[in-house]
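Sending over a structure as structure tokens; questions will come in a sec.
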Amino acid sequence: MADKLRSADAEWNGDLRHGKGQVSTSSGVLSGVRYSFSTRFEDEPGSNPEELIAAAHAACYSMAFANTLAGKGYQPESIQTHATCHLSPKDGGGFYIRKMLLETKGRVGGLDQATFEKIALEAEKGCPVSNALRAIEIEVKAQLLA
């Protein structure tokens, strides 16, 4: 199979503190979504790069987890994942993404909590977005729903 290419465009105008930008994806799902210093580091409405990374990670991991469960003979009814991107200040200035927290819940028949957690960790290793972020700490918390 050939590589699947996905793309996005970002535009930024002005300096870091007072400038503004917008981001769009080739699919059109995001189109002219605003981002700025205020949407990233303060509470102004709009998006930011870390939120977009968290969204991509939550979506990708949910799919990877469902696939890993199915590969082991379990039929997932639902997988819900909340991803939190930890943006931290660096010594000497600037910021870096130091950690991603994946909190996942799922409804899967015929499975106990310990096995659910084990498969959740295994799925994280096969998640393409996790693998792209491998240089940072990724923590997984899994809860099997009745």
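Just so you know, all these numbers are worked out from the coordinates, no wet-lab data involved. Computed from a prediction, not measured in an experiment: that's the story for all the values here. As a convention, Cβ positions derive from the backbone with ideal geometry for all residues, glycine included, and neighbour counts pool all protein chains shown.
Any idea how far apart ALA59 and GLU42 come out in nm if each label point goes 7 Å out from Cα toward Cβ?
Inter-label distance under the simple model: 2.9 nm.
How many percent of DSSP beta bridges within the chain run antiparallel, rounded to 5? Before the final figure, lay out the partial values.
Values: 23 of 33 bridges.
Taking every DSSP beta bridge with both residues in the chain, the antiparallel ones total about 70 percent.
Helix 113-126 versus the longest principal axis of the chain: what angle, 0 to 90°, nearest 10, using Cα atoms?
Result, in degrees: 50.
Moving on. Would you compute, from DSSP H runs of 4+ residues alone, the mean residue ellipticity of the chain at 222 nm, taking -39500 (n - 2.57) per run and dividing by the full residue count, rounded to the nearest 500?
On the way: 4 runs with 47 residues, N = 146.
About -10000 deg cm²/dmol.
May I ask for the net charge around VAL108, where only other residues with Cβ less than 11 Å from the Cβ of VAL108 are counted and Lys, Arg are +1 while Asp, Glu are -1? Walk me through the intermediate numbers first.
On the way: positive: LYS72, LYS105, ARG107; negative: GLU77, ASP112.
Net of charged neighbours comes to +1.
Another one. Test of understanding: in a Gaussian network model of the chain with alpha carbons linked when under 10 Å, which of GLU122, GLU50, GLU11 would top the mean-square fluctuation ranking?
Of GLU122, GLU50, GLU11, the Gaussian network model singles out GLU11 as fluctuating most.
With +1 on each Lys and Arg Cβ and -1 on each Asp and Glu Cβ, how big is the dipole of the chain about its Cα centre, in debye rounded to the nearest 20? The partial results should precede the final answer.
On the way: 16 positive and 18 negative charges, 50 e Å.
Roughly 240 debye for the chain.
Could you work out Rg/(2.2 N^0.38 Å) for region 49-145, with Rg from alpha carbons only? Walk me through the intermediate numbers first.
Working: Rg = 14.2 Å, N = 97, 2.2 N^0.38 = 12.5 Å.
Normalised Rg, Cα atoms only: 1.13.
For LYS125, list the lysines whose Cα falls under 22 Å from its own Cα; do not include residues on the same chain fewer than 8 positions away.
LYS4, LYS72, LYS99, LYS105, LYS141
So, one more: Please give me the summed charge of the neighbours of ALA66: other residues whose Cβ is under 12 Å from its Cβ, Lys and Arg +1, Asp and Glu -1. Display every interim value, and only then the final one.
Values: positive: LYS72, ARG107; negative: GLU77.
With Lys, Arg at +1 and Asp, Glu at -1, the net is +1.
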